[in-house]
Amino acid sequence: MSREPVEIRRAVEIRRASVDDVGEILALWEASAAEGPRTVRAPHAGPSGQAGQAAERLVEAIGSGALEVLVARSGERAVGFLVMRETTLNVLTGSTALSIDEFYVAQADRRHGVARAMLAQVAGHAERLGVEQVVAGVPPWAKETHRYFARLGFAPVLLRRASTPTALRRRLAGADAQRGALENLLARRRSLRARARRQGPVGGPVDEAPVTA
């Protein structure tokens, strides 16, 4: 008699992060960055790099309560974390939302209910705040995460694109230059056509004598 395989879920504790969790959360954050395409990976080395800045901001956010940071622990290990904040979904309508800005579960600990346990905490927090929506920021390359949120009923709302001010200024200058060159070319062509109409056919008009029999 064959038996169906039974999925064993690990005991997971979800709680608010403390300053003592910052080191493990940063390690998970670096692991999440390492899963992305090489072109979007940011340097994380050294206290003067982004890891050092992230550590300072995380400590400040946890201490001030500016962000809600959850950590998932299995035994003695941190296996996932989530960062959320209350925000305005639309500044014109005033609709409110709970935004999930960072969300990650270690690869070895996926499919054990860690993500679901953290999102259950998110749902409860959203209900206590009385917000209208829960939104999640997902990188465009994270197809598995997109599918996961879609299965939970998260629908696409807004696609955000990012650029640096320098790159934007360079692109705008290039577009202006291209548009200026095109406008100059079109103006020259219009001028040549107008001149050709004024001059008539090449060689001037020809008077033909009537043909008589």
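Modelled spin-label separation between D20 and Q107, with each label point placed 7 Å from Cα along the Cα-to-Cβ direction: 3.0 nm. For the pair A167 and R193, label points projected 7 Å from Cα toward Cβ lie 3.9 nm apart. Treating r as the C-beta distance of E86 and E13 and R0 as 22 Å, the FRET efficiency rounds to 0.35.
Legend: residues E102, E76, sorted from most to least accessible area (1.4 Å probe; ligands, DNA and RNA excluded), read E76, E102.
When Y104, Y148 are compared by accessible surface with a 1.4 Å probe, the order from highest to lowest is Y148, Y104. 3J(HN,Hα) along the range 85-98: 8, 7, 8, 9, 6, 9, 5, 7, 8, x, 5, 9, 8, 9 Hz, from the Karplus curve 6.51 cos²θ - 1.76 cosθ + 1.60 with θ = phi - 60°, whole Hz, x for Gly and Pro.
When the residues S163, S95 are ordered by accessible surface, computed with a 1.4 Å probe over the protein chains alone, the sequence from largest down reads S163, S95. Looking at the range 86-200, the accessible area is 78 square angstrom per residue; that uses a 1.4 Å probe and ignores ligands, DNA and RNA. The H on the amide N of L89, modeled in the peptide plane, is under 5 Å from the matching H of S95, T96, A97, each at least 5 residues off or on a different chain.
Counting 0.36 nm for each residue step from R160 to A31 and taking away their Cα separation leaves a gain of 44.1 nm.
If the segment from R147 to L186 were pulled out straight at 0.36 nm per residue, it would be longer than the present Cα-Cα gap by 9.2 nm.
The values are calculated or read from the model by the stated rules, or taken from the named source; none is laboratory data. From a predicted model like this one, the values you see are computed outputs, not experimental measurements. Glycine also receives a Cβ, built like all others from the backbone with ideal geometry; neighbour counts cover every protein chain displayed. Side chains included, ligands, DNA and RNA excluded: accessible areas come from the protein's heavy atoms. Shrake-Rupley method; radii C 1.70, N 1.55, O 1.52, S 1.80 Å.
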